[in-house]
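The block underneath contains the structure these notes are about, expressed in structure tokens.
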Amino acid sequence: MVVLLPSCGNPTKRLITKVEPATFVVYTYDEYGSPVGSGSGFFIEKSGVGVTNFHVLDQSVKAAIKTTDGSLYEIDSVLCSSSKKDVLVFRVKNDKRAEFKTVKITNKTPEKGNQIYCIGAPMGMESSLSEGIISSYRDDNKYGKVAQITAPISSGSSGSPILDSDGKVFAIAAFKRRGGENLNFGVVLNEDFQNELDKKEFYKKNRKFNSEKSDFILLNVMPERGSELILNAIEFGKTSTSLYFTFTNMHLNSSGEYYLWCELNEKDNGLYMEDVESGKKYYVTSSTLSSNKKDSEAISLAGIKQFKVDLPVIKNKPSSINVVWDDWTFSDINLDDYRESLTIDELSYKRSYALLCTSVASDPATTIDM
């Protein structure tokens, strides 16, 4: 006689279905509005309270997350953090009062040899699942108690939840060791981990983070022709209006070098910004670039130059602008749309980040934050 038993299904698949919607990708931007990097994280409260690593948001001015359904949310405030433990808790801007899927944090740590899982965005590849076992638990001088795991993590995995077989979080992916195989580590968490964090530390070290939420607007747009110049952001300050740019030298000339400068007092023949509605133009008053070619620095082929251009103070902030500089024209930029919500062009983001990021030290004993 054949007895048919009910199928238990695939436990890994059930875990993914349960946990994946609570995870997200983190995108961060520097004071110029350029990409700093990306990381991972997970929600612990339905209202939009999330967790990631301290180093993911450190030195950024703006940050946003993308959930698994493709929705974007700006990070509104950091609630508490610890640079030593490399853990940070934040709240997203949630005007529409969306309810987010969450994961539970457990006080029980899996035993050595037990199966564990990690869901994050290594190299920006969101919702990537890796699995492995607990290799060991260690007391680290910097991070405290850490879990050594064989589940692979890479750059961008920072902040990923490390899960037990029930889909509960017991650690957060934080770093790996170079020069070995599968030496990956997560900082161990517990249900009361937030009580061990500081409510002021992050803002003491990152005073510019969301300091002027309505006056610093991320754009990251390209001109009508060419892709070497990106208008990263506009800031309506109290002493000036500032435009932030990133230039990438893509000019294949004989020397491979390119010289970039911004002349003053050139009116329509120089760089200016125009209020589309009123037609009023605002001209350059100062720049972090040289004002003439003679004193400008050489930018090597594929080299990057970030710079700021200042215009007069604008009291009546425009809804739509044009920015013109020689052959580069940025037309009909609707600032109201960018004020209302962040827009992330992932291809441009990854391109910019790849060009801006620096290489990691090659010391085989180096500990690398992921």
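The values are calculated or read from the model by the stated rules, or taken from the named source; none is laboratory data. A quick note: this is a predicted structure, and the numbers were derived from the prediction, not measured. Note: ideal-geometry Cβ built from the backbone for every residue, glycine included; neighbour counts use all protein chains shown. Quick note on the areas: whole protein, heavy atoms, side chains included, nothing else; ligands and nucleic acids left out. Shrake-Rupley method; radii C 1.70, N 1.55, O 1.52, S 1.80 Å.
Miscellaneous remarks
- Degrees between helix 346-356 axis and first principal axis of the chain (Cα, 0 to 90, nearest 10): 80
- Placed amide H near residue 79: partners under 5 Å, 5+ positions off or other chain: 89, 90, 91
- Highest average packing first - 152-158, 135-141, 320-326, 173-179, Cβ atoms within 10 Å: 152-158, 173-179, 320-326, 135-141
- The relative contact order of the chain, computed from alpha carbon pairs under 8 Å that lie at least 6 residues apart in sequence, is 16 percent.
- Using the 1.4 Å probe convention, the accessible area of the chain works out to 51 Å² per residue with neighbouring protein chains retained.
- Candidate cross-link partners of residue 101 among the aspartates and glutamates, defined by an alpha-carbon separation under 13 Å and a same-chain spacing of 8 or more, comprise 20, 45, 69.
- Largest-first ordering by accessible area, 1.4 Å probe, given options 26, 221: 221, 26
- When peptides 191-199, 307-315 are sorted by average Cβ neighbour count within 10 Å, with the highest value leading, the order is 307-315, 191-199.
- Value of relative contact order over segment 159-227, rounded to a whole percent, pairs C-alpha under 8 Å and six or more apart: 17
- The length gained on full extension between residue 95 and residue 12, counted as 0.36 nm times the residue separation minus their Cα-Cα distance, comes to 26.4 nm.
- Note, ³J(HN,Hα) from phi for segment 46-51, Karplus 6.51, -1.76, 1.60, rounded to Hz, x at Gly and Pro: 4, 6, x, 8, x, 10
- For the chain, carbon and sulfur atoms together expose 46% of the accessible surface, with a 1.4 angstrom probe and every protein chain in place.
- Using θ = phi - 60° and Karplus 6.51 cos²θ - 1.76 cosθ + 1.60, couplings along segment 271-281 (whole Hz; Gly, Pro as x): 7, 8, 10, 10, 6, 4, 5, 8, x, 6, 10
- Span from the segment 36-63 Cα centroid across to the segment 174-223 one, whole angstrom: 6
- Relative compactness, the chain, computed as alpha-carbon Rg over 2.2 N^0.38 Å: 1.13
- Computed accessible area, residue 250, all protein chains, 1.4 angstrom probe, square angstrom: 80
- Sorting the segments 106-117, 56-67 by their residues' average number of neighbouring beta-carbon atoms within 10 angstrom, most packed first, yields 56-67, 106-117.
- For segment 232-266, the residues whose amide N sits under 17 Å from a probe point set 7 Å from the Cα of residue 283 along the beta carbon direction are 241, 262-266.
- Computed E for residue 296/residue 250 - FRET, C-beta separation, R0 22 angstrom, nearest 0.05: 0.80
- Only DSSP H runs of four or more residues enter the estimate; each adds -39500 (n - 2.57), and after division by the residues of the chain the mean residue ellipticity at 222 nm equals -2500 deg cm²/dmol.
- Applying both filters, DSSP loop and at most 15 other Cβ atoms within 10 Å, to the chymotrypsin sites (Phe, Trp or Tyr not before Pro) of segment 223-294 gives 261.
- Interchain or long-range residues, amide H under 5 Å from residue 285's placed H: 310, 311
- Each Lys and Arg contributes +1 and each Asp and Glu -1, all at the Cβ; summed about the Cα centre of the chain, the dipole is approximately 1140 debye.
- Cross-link pairs 85/305; 93/315; 66/199 - those with Cα-Cα distance over 30 Å: 85/305
- Contact order normalised by residue count of segment 3-157, Cα under 8 Å, 6+ apart, percent: 21
- 18 Å reach of a label modelled at residue 59, 7 Å along Cα-to-Cβ, counting backbone N of segment 140-169: 155-159
- Pairwise FRET efficiency - residue 228 versus residue 315, Cβ, R0 = 51 Å, nearest 0.05: 0.95
- Cβ-derived FRET efficiency at R0 56 Å, residue 177 paired with residue 264, nearest 0.05: 0.65
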